[in-house]
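Step one of this worksheet: look at the structure below.
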Amino acid sequence: MASEAPVGVFDSGVGGISVLREIQARLPNESLLYVADSGFVPYGEKSPEFIRARSRAITEFLLDQGCKALVVACNTATAAAVAELRGTWPELPIVGMEPAVKPAASATRSGAVGVLATTGTLKSAKFAALLDRFAHDVRVVTQPCPGLVECVESGALQSEETRALLQGYVAPLLEAGCDTLILGCTHYPFLKPLLRQLVPESVSLIDTGEAVARQLHRLLAARDLLAAGPAAPARFHTSGDPEALRRVLPVLWPHAARLEALPVELGAA
């Protein structure tokens with residue numbers, strides 16, 4: 001039955017597993033198939049053309065696996081490629097990511113919102129449009145965060161290197177009076193425990209994983225595609241080193257999982 005087909009999710013690496021966890025929590029009967037494009041991480045440093053090509057190729061792979069819906073669990077890939085994916089597969093339910101500018105603008109009390117994100121997200125036209133649409137009455141302070149994605153990819157969620165990087169990125173936002181921080185990359189929610197040690201409790205941390213899970217729920221329900229279950233163990237594929245994913249997966253995904261190889265043509269050169 002189509003409703004029992006898996007949901008496909010992909011990201012530039014393991015960061016989208018933060019979204020996968022929200023999907024699993026909200027839709028426990030859904031079988032999940034995840035692609036970590038870790039052979040090409042981070043997308044934030046790649047060209048839009050490259051990201052669109054990877055997004056098309058991974059979507060084709062997920063459809064070949066029988067996926068009934070797609071979640072682009074990456075802010076940078078959403079900005080670069082989701083419009084093209086929707087145009088290419090108009091019947092496929094597709095959910096993308098975007099930095100949580102709207103809820104952050106509503107949540108701030110100081111009127112200053114900080115955005116932690118990749119360079120690619122911050123430079124995108126989609127992010128500029130979000131600011132234009134939702135940030136009229138607040139001051140938005142952006143902070144590119146090179147290196148943080150790689151820390152999460154290696155599972156170094158509490159290392160001194162990660163702490164030092166994060167401290168350096170957060171300090172200017174706190175100095176600017178930001179009382180609300182947007183985690184504008186799906187890797188960053190895994191750093192929330194460390195981030196909580198570095199910012200006052202009065203500072204709100206906002207990401208969009210839960211909102212993505214809600215939107216997926218709505219789209220599947222509208223098409224009568226909600227699974228009855230039980231869900232199969234999540235399947236994980238990577239274009240990077242399978243052993244690296246095998247090592248980090250228990251840190252990020254506390255559920256049953258199967259690790260499978262990607263087709264050779266989808267791997268890193």
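The values are calculated or read from the model by the stated rules, or taken from the named source; none is laboratory data. On a predicted model such as this, the values are computed, not experimentally measured, just so you know. Ideal geometry is used to build each Cβ from the backbone, glycine not excepted, and the neighbour counts take in all protein chains shown.
Somewhere in region 54-70, is a residue within 24 Å of Val115 (Cα to Cα) and either surrounded by 24 or more Cβ atoms within 10 Å (Cβ to Cβ) or aliphatic (A, V, I, L, M) (or both)? No: zero hits. From the set of residues in region 203-232 that are without any contact (Cβ under 8 Å) to a residue 60 or more places away in the chain and within 22 Å of the chain's Cα centre (by Cα), which is nearest to Leu116 (Cα to Cα)? Top of the filtered list is Leu205.
The set of residues in region 35-74 being under 20 Å from Ser154 (Cα atoms) and in a helix (DSSP H, G or I) consists of Ser38, Gly39, Phe40, Tyr43, Gly44, Glu45. Selection within region 134-179: residues that are hydroxyl-bearing (Ser, Thr, Tyr) and not in a helix (DSSP H, G or I). The member of this set that is farthest from the chain's Cα centre (by Cα) is Ser159.
Residue under question is Ser106, and the condition is that it be part of a loop (DSSP other than H, G, I, E, B), out of contact with any strand residue (DSSP E or B) (no Cβ under 7 Å at 6 or more places or on another chain) and not charged (D, E, K, R); does it hold? Judged against the criteria, Ser106 is not a match. From the residues in region 25-39 that are farther than 14 Å from Trp253 by Cα and hydroxyl-bearing (Ser, Thr, Tyr), which one is modelled with the highest pLDDT? Taking the candidates together, the pick is Ser31. In this structure, does Pro200 turn out to be assigned by TED's automatic domain parsing to the domain that holds Val35, of a type outside the set (Ser, Thr, Tyr) and more than 21 Å from Gly8 (Cβ to Cβ)? No; evaluated as a whole, the condition is false for this residue.
State whether one or more residues within region 217-231 are closer than 29 Å to Ala104 by Cβ and of a type in the set (D, E, K, R). Scanning region 217-231 turns up at least one residue that is closer than 29 Å to Ala104 by Cβ and of a type in the set (D, E, K, R).
Can Cys185 be described as over 30 Å from Arg56 (Cα atoms), in contact (Cβ under 8 Å) with a residue 40 or more places away in the chain and not in a helix (DSSP H, G or I)? Against the criterion (over 30 Å from Arg56 (Cα atoms), in contact (Cβ under 8 Å) with a residue 40 or more places away in the chain and not in a helix (DSSP H, G or I)), Cys185 does not qualify. Put simply, of Leu220, Leu194, Leu226 the only residue that is more than 25 Å from Ala57 (Cβ to Cβ) and either in a helix (DSSP H, G or I) or polar (S, T, N, Q) (or both) is Leu194. Being within 16 Å of Leu122 (Cα to Cα) and either over 16 Å from the mean Cα position of the chain (by Cα) or in the same structural domain as Ala261 (by TED's automatic domain parsing) (or both): is that true of Ala81 here? Here the answer is yes, as Ala81 does meet what is asked.
The residues of region 18-40 that are under 12 Å from Thr238 (Cβ atoms) and out of contact with any His (no Cβ under 9 Å at 6 or more places or on another chain), listed by number, are Asp37, Ser38, Gly39, Phe40.
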